[in-house]
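Chemist: One structure, pasted below without further comment.
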Amino acid sequence: MSLWRQLTRGLRGLTKQAAADQDVADEVQHYTEQAIAELLARGLSPEAARRAVQLELGNATIVREQVRASGWETLVRTFFADLRYAGRQLRNNPGFAATVILTLALGIGASTAIFSAVNPILFEPLPYPHAGRIMMIWDSGGDSGLRLPVTFGTYRELLERSRSFDELAVMKPWQPTLTGAVHPERFEGQRVSASYFRALGILPLMGRDFQPADDRPDSLPVVVLGSELWRRLGGDNLIVGRQIKLDGKLSTVIGVMPGGFENVLAPEAEIWTPLQYDASLPPDGREWGHHLSMVGRLRPGVGMLQAKRELDTIARTPVAEFHRPFYAALDSGLMVNSLQADVTGGVRPALLALIGAVILVLIIACVNVTNLLLARGAHRRSEFAMRVALGAARTRLLRQLLTESLLLAALGGCLGMVVAKIGVQLLLTLSPAQLPRVNAIAVNGAVFAFAVAVTTVIGLAVGLIPALQAWRGDPHTALQQGSQRSAGGHQQTRRVLVIVEVAIALVLLVSAGLLLRSLQHLFAIDPGFDGSHLLTMQVQATGGRMDDDSTRLRFFEQSLDAVRHVPGVSAAFTSQLPLSGAPEDGYGVHFESSPTGKPDADNGADGYAVSPGYFETMSIPLHRGRLLDEHDTASAPLVAVISESLARSKFPDRDPIGQRLRIGPANEPWYTVVGVVGNVKQASLALSQSDAVYVASAQCRIFGDDAPWLVVRAHGDAAALTPAIKNAIWSVDKDQPIVRVATMNDLLAASAAERHFALDLFAAFALTALALTAIGIYGVLAGSVAERIREIGVRAALGATRSNILALVLRQGMTLTALGVVIGLIASFAATQAIATLLFGISRLDLITYLGVIALLLGVSSTACWVPAWRAAQVDPSITLRSE
């Protein structure tokens, strides 16, 4: 029979039952007539021929059933019959069904939510054409292994000498301000070289891309807008060619990016402008410092290793055409990494650890459901035996039990999608700012396919063990014995599964405990200042008139004076703020008394340009000398304050006060050290203090800022003063934007956001695992007590006291817990390696954490054991033995 005929016949059998039955009857009748005709042709009489055919066919009804069962539609019909039967079984046991469905929904929902976050970050290719060819290039920090931004000179040299890349581009942050409205609005953007969008492979939807002519210092300012910003500005399709006022200057809009453009290199960026660096600038100018990120698109057929070898060759062979200052000599070579690895490298360990955690929670959920199915199967053994004895095939029984577990998994999966949707919202709320591709986290088609796959696998997995138990059962023995007295094999399997649950729960609890202890150690670190009652914000000086240094300095002085007139506050400006998340502003610091006399032999330090009162406002302690004050004006002698770490490293055996230092290039003037202050955590609480040099804002030569940070200390709630502080600044100039308003305590919390994120999720998974484990222990013991009622009654009749019976059941449960703890400890020693990079101040073998977790697990387990044990102790032997 042809495939098409089989298909049409099967569909007819499913949709038109009566017609299909008639077709089968006609087919059998036709066969009978042909067989009789053949026998008649051989010389048999009609009666003999008909009798011979009837003997050959046997019972006509059975024949018709056999013919009907030969088609694929029978399998479909049987499946739906099994499905209906499974539905009736679950409807008759609503408590069992609800427990299983909710447990599976929790496991499937949690795993699906985590997959929705991990998939776009770690597994999906970036949303660019041939994304695997996009590379990031960094200057190598040498033996330290640190990667450094490249200089403009390095970019120009690679642009001319490299042949491995179709496009090379550099970029840096840009924060333009749109003026002319009631209050100025600042945008996050990027200054980029002309080939930036071509390196990513995405071109504007409207207008055009940047051209080399746009990237010259004498070119008119042009910008490309992101789609969201374009809509906020009115969404005019004729905006290309129009001008907007940014930082007091008119810029022409030349393009609008597509709505789906995802800029993973700067997710907040919504406006772009050309870099417009002058290639003829002196090689030691500010534009040539390590401050540019470089991205490149490999040529077709060129691999990352090949490109790395070429760049290493270029680094080792300088040419006279491209001058290299000592700080950009490329002596340690260049680092090349794929864009995807570069973007996700920081969060990969945490996400992989979360994948492992959610898999463990899913396993515990499956173990609990398997235990429930085994318990239910033990009570249905007589039913299964009766059906086998009546002629049911064991394969049909196996298929029916698997269908029931698949139905449970499907219902749990449907509810799990709701849990996943809620979980994704929680993930977005809890996710740290540095988590890449946050906008791509969603419950989409890939996530739905994952959920379907997980649901199917779980349905088969949790149903297989109970089904095999039923398959191997002896129907003769099962019919002779009650189900409660023949469940020993089930109990043994369930106990093993509970031990597994306890071990997994211990692993998750240890991981959460280590992260909690790590955060406690982290926040016990002294940041070097008092963050309480401290409000911070960034104030920008924009517009053409602010290009004048004296005008800009006067604006900040007047703004600071206006803020200080707000009752109950002290305030100061600083060019960079500790723990703000902004890139560190570091410079080479050369002391006049350096043993080598070479500026490149001295270490770098963070450079701070601060106003008078900064140290007092931040509560940074003075160790010796004096602080910067209002007498340190532009016309006064140049002075500096250094950190204790810098003083100890440079002057371990003498007083640094009076020593002279130079910051940056060799043509910079000398500053005299007048004070030493305490160390401050600049980048992170987890990192050692950076050396620091503080100079007065009025005397700063190279690292002054047109967007300094304002720090305000209040007597009460600092955040409540935000409107008053803003109004004070806008009373001086209403066109200057104020952004990044936050309390210092908020910044301290944000500096540990990645650890907080991991802790929150691990804690949620660990508590879920603990609850499921307690339910599993309770279920096994409750089932054991129910199946040992006769034994317990006999023990009580022979003189066992209630305390003896109570101890018997408690000992059984705690033995399972103890075995699980031993296995879990062994597993934890290996599993906690996955979170080692998230720990701070403690070992992953921290004894206090392990002892605390064991105590918690034993306490919860004993509580779960108590109720079944108490029920066992209440058994009345006379009633039990009478029922037997």
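Chemist: What does the highest-first list of 444-450, 348-354 look like by mean Cβ count within 10 Å?
Modeler: Order by mean packing, descending: 348-354, 444-450.
Chemist: Roughly how many Å² is the accessible area per residue of segment 767-873, as a whole number, for a 1.4 Å probe?
Modeler: 46 Å²
Chemist: Sort out for me the Cα centre separation of segment 300-348 from segment 514-534, rounded to whole Å.
Modeler: That distance is 37 Å.
Chemist: With respect to the cross-link table entries Lys650/Lys681; Lys245/Lys734; Lys308/Lys681, which display a Cα-Cα separation exceeding 24 Å? Please report the intermediate quantities before stating the final value.
Modeler: Values: Lys650/Lys681 19 Å; Lys245/Lys734 15 Å; Lys308/Lys681 35 Å.
Violating the 24 Å Cα-Cα cut-off are Lys308/Lys681.
Chemist: For segment 260-366, what is the accessible area per residue in Å², given a 1.4 Å probe and the full set of protein chains?
Modeler: For segment 260-366, the solvent-accessible area averages 44 Å² per residue.
Chemist: How large is the Rg to Rh ratio of segment 267-356 when both quantities use alpha carbon positions and Rh follows Kirkwood?
Modeler: Values: Rg = 17.3 Å, Rh = 16.6 Å.
Reported Rg/Rh, Kirkwood definition of Rh: 1.04.
Chemist: Taking a ≥ b ≥ c as the square roots of the Cα gyration tensor eigenvalues, with a/c under 1.5 meaning rounded and otherwise prolate when a/b beats b/c, else oblate, which class fits segment 531-591?
Modeler: Working: a/c = 1.93, a/b = 1.07, b/c = 1.80.
Oblate, because a/c is 1.5 or more while a/b does not exceed b/c.
Chemist: A further question follows. With r as the distance between the Cβ atoms of Val794 and Ala446 and R0 = 51 Å, compute the FRET efficiency 1/(1 + (r/R0)^6) and round to 0.05.
Modeler: So, using R0 = 51 Å, E works out to roughly 0.30.
Chemist: Sort the following peptides by mean Cβ neighbour count (other Cβ atoms within 10 Å, averaged over residues), highest first: 765-776, 508-519.
Modeler: Values: 765-776: 22.3, 508-519: 24.9.
Highest-to-lowest ranking by the protection proxy: 508-519, 765-776.
Chemist: Give me, ordered by chain and number, the residues 5 or more places off Arg624 or on other chains with an amide H under 5 Å from its own placed amide H.
Modeler: Val676
Chemist: Roughly how many Å² is the accessible area per residue of segment 145-239, as a whole number, for a 1.4 Å probe? Walk me through the intermediate numbers first.
Modeler: On the way: 4250 Å² over 95 residues.
Here the residues of segment 145-239 average 45 Å² of exposed surface.
Chemist: Could you order peptides 498-506, 554-562, 645-653 by the average number of other Cβ atoms within 10 Å of their residues, highest first?
Modeler: Values: 498-506: 26.6, 554-562: 17.9, 645-653: 16.0.
The densest-packed peptide leads the list: 498-506, 554-562, 645-653.
The values are calculated or read from the model by the stated rules, or taken from the named source; none is laboratory data. Small disclaimer: the values here were computed from a predicted structure and weren't measured. A quick note on method: Cβ atoms are made from the backbone with ideal geometry, for glycine too, and the neighbour counts reach across all protein chains shown. The area values use the complete protein model at the heavy-atom level, side chains included, leaving out ligands, DNA and RNA. Shrake-Rupley method; radii C 1.70, N 1.55, O 1.52, S 1.80 Å.
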